Amino acid sequence: MKKSTWSIVPLADAVEIHDSDRMPINSTERQQRIAGKSTQDLYPYYGATGQVGLIDGYITDGEYVLLGEDGAPFLDPFAKKAYLISGKAWVNNHAHLLRSRTNNRFLCYYLNYFNYNGYVSGTTRLKLTQAQMRQIPVPVPSVPEQERIVARIEELFSQLDSGVDTLKKIKQQLAVYRQAVLKDAFEGKLTSTWRKNNTDTTINDYLIIQKKNQDFKDTAGDENEIALNIPKSWLRIRIGEIFDVEVGATPRRNIPEYWNGLINWVSSGEVHFNLISKTKETISEEGLSNSSTNLHPAGTVMLAMIGEGKTRGQAAILQIPAAHNQNTAAILVSKTPCSPKYIYYFLMMNYENTRRVGSGNNQKALNKERVRALRFPFCSFSEQKVVVNEIESRMSVCDSIEQTIDAALQQAEALRQSILRKAFEGEL
């Protein structure tokens, strides 16, 4: 710190420490205490990094700085370790409860700037003990100087926040545009000129690969379909009409000989709208032959069937031969002249609707019959390739813009830290 007129004192001399006013209440008890009560009668319950719930009482009343004791991202220079609270509140034992003797906002900004290396202990869950916290060196400019610094920080942060908000809105607009591109693609709008200049072979191509006498036992997904206005020459068909669908399996974990072989094996967590060129786990020939999973060729489209998070309904394309687990379905597009990417992009467009098809008591899930019954717009093999090209030419532009935005957002976080550095080196 370069400001020679500033004194540097241990944090214990710059603040009032109110850790004795903290009281943890587990979530079960909190739920019991707030049951049936109006939110107007409840108070915020705070933890290491922010509010974690509500409670029917309060311990503190006023403005305080909360600094994480454990579980805070102490070693991430861009993450918050401290935050301000005001009014009536309840604080648990995962955050230190502090009040500056001069300016709480100045203290809070400083604690989010400070490098905690050497002050925190632990590995997976870092802890800042009160003894270590008390020793943190804190700058103490005059009160007017602190107020000026805080005002300048907040002015610059406000400008930065405005720019970040704009960037985030553009990202949201890109997501909407991507979905619009996909919808236009599967309504034939991106290939209307191509169809005028080429002979349509949709019916003939369909008949070439149609699987005879297919029975669809579960068509519950029909009610969730996106309304698509497809060209008259296209067909609306079910996946199982032209593709085999297989569900995988997991070789027994307690037999080491089944694992760490030369066969790639895909789990549902690896299916997230991506191309799979490597798997986290492999199985052996013995593991393959002693389980009901099969080895599928590159070009197979994978669909995640299980998962309450974002996993269920996501798709991927194998770029390598691989087997897979029971939580994924393999759509064997590569056995036909159809484009794997055409099916992949359809599943991307239909993601939210595919998820709604899943059902179950505890964990929503798809199953083989529901995957087979999913309907999609079928066009000729030739037009499928053109559709994919039209999608990817537009998506590549989106990808480029998104990469630029992500880089700008990272720069904004770095700039935020730079502002704090200048502030506490007396350069603002």
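The values are calculated or read from the model by the stated rules, or taken from the named source; none is laboratory data. Bear in mind the structure is a predicted one, so any value in this text is a computation, not a measurement. Quick reminder, even Gly has a Cβ in these numbers, built from the backbone with ideal geometry, and neighbours come from all protein chains shown.
Scan the stretch 181-230 for residues that are within 19 Å of Arg355 (Cα to Cα) and small (Gly, Ala, Ser) and report the count.
Residues that pass the stated criteria total 3.
Look at Asn290 and say whether it is crowded, with 19+ Cβ neighbours inside 10 Å, touching a helix residue (DSSP H, G or I) at 6+ places or on another chain (Cβ under 8 Å) and either over 22 Å from Ile242 (Cβ atoms) or at pLDDT below 95 (or both). Can you show your working first?
Values: crowded, with 19+ Cβ neighbours inside 10 Å: no; touching a helix residue (DSSP H, G or I) at 6+ places or on another chain (Cβ under 8 Å): yes; either over 22 Å from Ile242 (Cβ atoms) or at pLDDT below 95 (or both): yes.
When the stated conditions are applied, Asn290 does not pass them.
Of all residues in the stretch 83-98, which are closer than 10 Å to Glu69 by Cα, surrounded by fewer than 22 Cβ atoms within 10 Å (Cβ to Cβ) and not polar (S, T, N, Q)?
His94
Is it true that Gly47 is surrounded by 14 or more Cβ atoms within 10 Å (Cβ to Cβ), on the phi < 0 side of the Ramachandran plot, among the small types (Gly, Ala, Ser) and touching a residue at least 12 places away in the same chain (Cβ under 8 Å)? Show your work before the answer.
Details: surrounded by 14 or more Cβ atoms within 10 Å (Cβ to Cβ): yes; on the phi < 0 side of the Ramachandran plot: yes; among the small types (Gly, Ala, Ser): yes; touching a residue at least 12 places away in the same chain (Cβ under 8 Å): yes.
Taking the combined requirement at face value, the residue satisfies it.
Just for helices (runs of 4 or more DSSP H) wholly inside the stretch 340-428: which have at least 1 residues that are assigned by TED's automatic domain parsing to the domain that holds Leu160?
Working: elements: 340-349, 351-357, 368-373, 381-424.
Output list reads 381-424.
If you scan the stretch 175-218, which residues turn out to be part of a loop (DSSP other than H, G, I, E, B), among the aromatic types (Phe, Trp, Tyr) and not assigned by TED's automatic domain parsing to the domain that holds Asn389?
Going through the stretch 175-218, the residues part of a loop (DSSP other than H, G, I, E, B) turn out to be 186-188, 197-201, 210-218.
Checking the rest, the ones that are also among the aromatic types (Phe, Trp, Tyr) come to 186, 216.
If the condition is that a residue be part of a loop (DSSP other than H, G, I, E, B), among the aromatic types (Phe, Trp, Tyr) and not assigned by TED's automatic domain parsing to the domain that holds Asn389, then Phe216 is the only one that fits.
Just for the stretch 293-316: of the residues that are surrounded by fewer than 23 Cβ atoms within 10 Å (Cβ to Cβ) and more than 20 Å from the chain's Cα centre (by Cα), which one is farthest from Asn274 (Cα to Cα)?
Applying the filter and picking the extreme gives Asn294.
Take the stretch 1-26 and flag every residue that is without any contact (Cβ under 8 Å) to a residue 40 or more places away in the chain and either among the basic types (Lys, Arg) or closer than 18 Å to Asp70 by Cα (or both).
Ser20, Asn26
Only one residue in Leu228, Leu156 is part of a helix (DSSP H, G or I) and surrounded by 13 or more Cβ atoms within 10 Å (Cβ to Cβ). Which one? Walk me through how you get there before you give the answer.
Working: Leu228 fails: part of a helix (DSSP H, G or I).
Selected residue: Leu156, the only one of Leu228, Leu156 that is part of a helix (DSSP H, G or I) and surrounded by 13 or more Cβ atoms within 10 Å (Cβ to Cβ).
Can you pull out the residues in the stretch 385-428 that are among the small types (Gly, Ala, Ser) and out of contact with any helix residue (DSSP H, G or I) (no Cβ under 8 Å at 6 or more places or on another chain)? I'd like the intermediate steps shown before the answer.
Step one: of the stretch 385-428, the residues among the small types (Gly, Ala, Ser) are 393, 396, 400, 407-408, 412, 414, 418, 423, 426.
Within the stretch 385-428, Ser393, Ser396, Ser400, Ala407, Ala414, Ser418, Gly426 qualify.
Please work out if Thr166 is over 30 Å from Arg236 (Cβ atoms), hydroxyl-bearing (Ser, Thr, Tyr), under 33 Å from the mean Cα position of the chain (by Cα) and not assigned by TED's automatic domain parsing to the domain that holds Val388.
It is false that Thr166 is over 30 Å from Arg236 (Cβ atoms), hydroxyl-bearing (Ser, Thr, Tyr), under 33 Å from the mean Cα position of the chain (by Cα) and not assigned by TED's automatic domain parsing to the domain that holds Val388.
Could you list, in sequence order, the residues of the stretch 55-79 that are closer than 19 Å to Ala151 by Cα and either of a type in the set (Lys, Arg) or in contact with a helix residue (DSSP H, G or I) (Cβ under 6 Å, 6 or more places away or on another chain) (or both)?
First, the residues of the stretch 55-79 that are closer than 19 Å to Ala151 by Cα: 63-65.
If the condition is that a residue be closer than 19 Å to Ala151 by Cα and either of a type in the set (Lys, Arg) or in contact with a helix residue (DSSP H, G or I) (Cβ under 6 Å, 6 or more places away or on another chain) (or both), then Glu63, Val65 are the ones that fit.
For a quick check of your reading: which strands (runs of 3 or more DSSP E) sit entirely within the stretch 244-296 and have at least 3 residues that are of a type outside the set (Asp, Glu) and touching a residue at least 40 places away in the same chain (Cβ under 8 Å)? Give the steps one after another, and end with the answer.
Details: elements: 245-247, 259-266, 274-276, 281-283.
Strands (runs of 3 or more DSSP E) meeting the threshold: 259-266, 274-276.
Of all the residues that make up the stretch 127-153, how many are of a type in the set (Gly, Ala, Ser) and either in a helix (DSSP H, G or I) or under 31 Å from the mean Cα position of the chain (by Cα) (or both)?
Quick first cut of the stretch 127-153, residues of a type in the set (Gly, Ala, Ser) only: 131, 142, 151.
Still in the running and either in a helix (DSSP H, G or I) or under 31 Å from the mean Cα position of the chain (by Cα) (or both): 131, 151.
So the answer is 2.
Go through the stretch 320-332 and give me each residue that's crowded, with 23+ Cβ neighbours inside 10 Å and β-branched (Val, Ile, Thr).
Hits for the stretch 320-332 are Thr328, Ile331.
Residues that are modelled with pLDDT of 95 or more and under 15 Å from Ile136 (Cβ atoms), at least 1 per element: which strands (runs of 3 or more DSSP E) completely within the stretch 16-118 meet that? Let's see the steps before the verdict.
Values: elements: 43-46, 51-55, 64-68, 82-85, 88-91, 95-100.
Of the strands (runs of 3 or more DSSP E) lying wholly inside the stretch 16-118, those with at least 1 residues that are modelled with pLDDT of 95 or more and under 15 Å from Ile136 (Cβ atoms) span 64-68, 82-85, 95-100.
Among the residues that make up the stretch 67-80, is at least one of them among the basic types (Lys, Arg), farther than 16 Å from Ala95 by Cα and either assigned by TED's automatic domain parsing to the domain that holds His18 or more than 31 Å from the chain's Cα centre (by Cα) (or both)?
No, there is no match, as no residue in the stretch 67-80 is among the basic types (Lys, Arg), farther than 16 Å from Ala95 by Cα and either assigned by TED's automatic domain parsing to the domain that holds His18 or more than 31 Å from the chain's Cα centre (by Cα) (or both).
Give the residue that is nearest to Arg421 (Cα to Cα), with candidates limited to residues of the stretch 113-124 that are out of contact with any strand residue (DSSP E or B) (no Cβ under 6 Å at 6 or more places or on another chain) and surrounded by fewer than 14 Cβ atoms within 10 Å (Cβ to Cβ).
Ranking the qualifying residues of the stretch 113-124, first place goes to Asn115.
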